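First up is the structure itself, then whatever we jot down about it.
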Amino acid sequence: AGGDGRIGVGEDGAIARQGNQLVRTRLDYASKGFAVLVPDLGYDLAALVDVMRAIKGPVTVAGTSRGTLRAATGLKKGAKPDRLVLTSGFLSPESGHAETVMAILETPDLLPKTLIVHHKNDGCRYTLPAGVSGFMDWAPKGTKLVWMSGGEEVGPPCEAQSFHGFLGLDQKVVDVVAAFAR
C-alpha cells in the first residue's frame, strides 16, 4: 500500500484502511484467480515472496505511491519476485522527491519484468508524470508502461480519492495489471 503502509490488518484478517487502490481492489484480483496477499507495514518482502511462491506462482509484487519505495527496498534486500508492478510511483528524480525507486535500486539489473501504471494527470508532487520518462530510459528494455486517463479527483492530489489513486479507474487498472501478471 501507499502512504505510511499501515492498513490495519486485524487478527481476523479485516482491513481497517481500505482506500488505497491496491487494497480496495484485492478481491477483484482474487476473483480473477490470483492468490492475493496485502501486507501491513513491517514485512520482509523476500519472505512474503517465498510464501506466495509456495502457494501459487508466478509471483508479482505490486506497489503504489510510497509502496513503490518499499517494493524497491525489498528488491534491494534480496526479494526475487517474477514480476513487479509500480503504480503512481516515486520513480525518478523528475517524479518530485529525492527518494526514488532508481535511487534505492541504484541499478536496473535488480528489476524483474516490470510494468509501470501511471495517470497522465497525477497531481501528487512526489509522483509527477514527468518522472516516468527518466525511469523508462533507465529501466531494462521490455519494461512496460501503461498511461491511464479519466476517472475523477475528489480528494487531495496525493491520496486515494484522486487521479493519483486511480479513482474511478479501478477495473481498468485491475485488468491491465492482471494481464501483465499472467
**Asked** Per residue, how many Å² of accessible area does the chain show with a 1.4 Å probe?
**Response** 47
**Cα-centred dipole magnitude for the range 26-182, charges only on beta-carbon of K, R (+1) and D, E (-1), debye, nearest 20** = 520
**Message:** If each DSSP helix of 4+ residues adds -39,500 (n - 2.57) and the sum is divided by the residues in the chain, what number results at 222 nm, nearest 500 deg cm²/dmol?
**Reply:** -8500 deg cm²/dmol
**Fill in**
By accessible area (1.4 Å), largest first, H118, H97 order as H97, H118
**Request:** Using only the Cα atoms, work out Rg/Rh for the range 106-182, with Rh taken as the Kirkwood radius, to two decimals.
**Result:** 0.99
**Prompt:** Which FRET efficiency value, to the nearest 0.05, do you get for D170 and A46 by plugging their Cβ-Cβ distance into 1/(1 + (r/R0)^6) with R0 = 30 Å?
**Reply:** 0.55
**Prompt:** Packing-wise, with mean Cβ within 10 Å as the measure, how do 168-180, 29-41 rank, highest first?
**Reply:** 168-180, 29-41
**Item:** the range 19-98, dipole about Cα centre (Lys/Arg Cβ +1, Asp/Glu Cβ -1), debye to the nearest 20
**Value:** 100
**Message:** Rounded, prolate or oblate for the range 81-151? Axes are the square roots of the Cα gyration tensor eigenvalues, ordered a ≥ b ≥ c, and the cut-off for rounded is a/c under 1.5.
**Reply:** oblate
**Request:** Calculate, in whole percent, how much of the Cα-Cα pair population of the range 17-114 lies beyond 22 Å.
**Result:** 26
**Prompt:** Ignoring any ligand, DNA or RNA, what whole percent of the accessible area of the chain comes from carbon and sulfur when the probe is 1.4 angstrom?
**Reply:** 53
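The values are calculated or read from the model by the stated rules, or taken from the named source; none is laboratory data. Worth saying up front: this structure is predicted, and the values here are computed from it rather than measured. Ideal geometry is used to build each Cβ from the backbone, glycine not excepted, and the neighbour counts take in all protein chains shown. Only protein heavy atoms, including side chains, enter the accessible area calculation; ligands, DNA and RNA are left aside. Shrake-Rupley method; radii C 1.70, N 1.55, O 1.52, S 1.80 Å.
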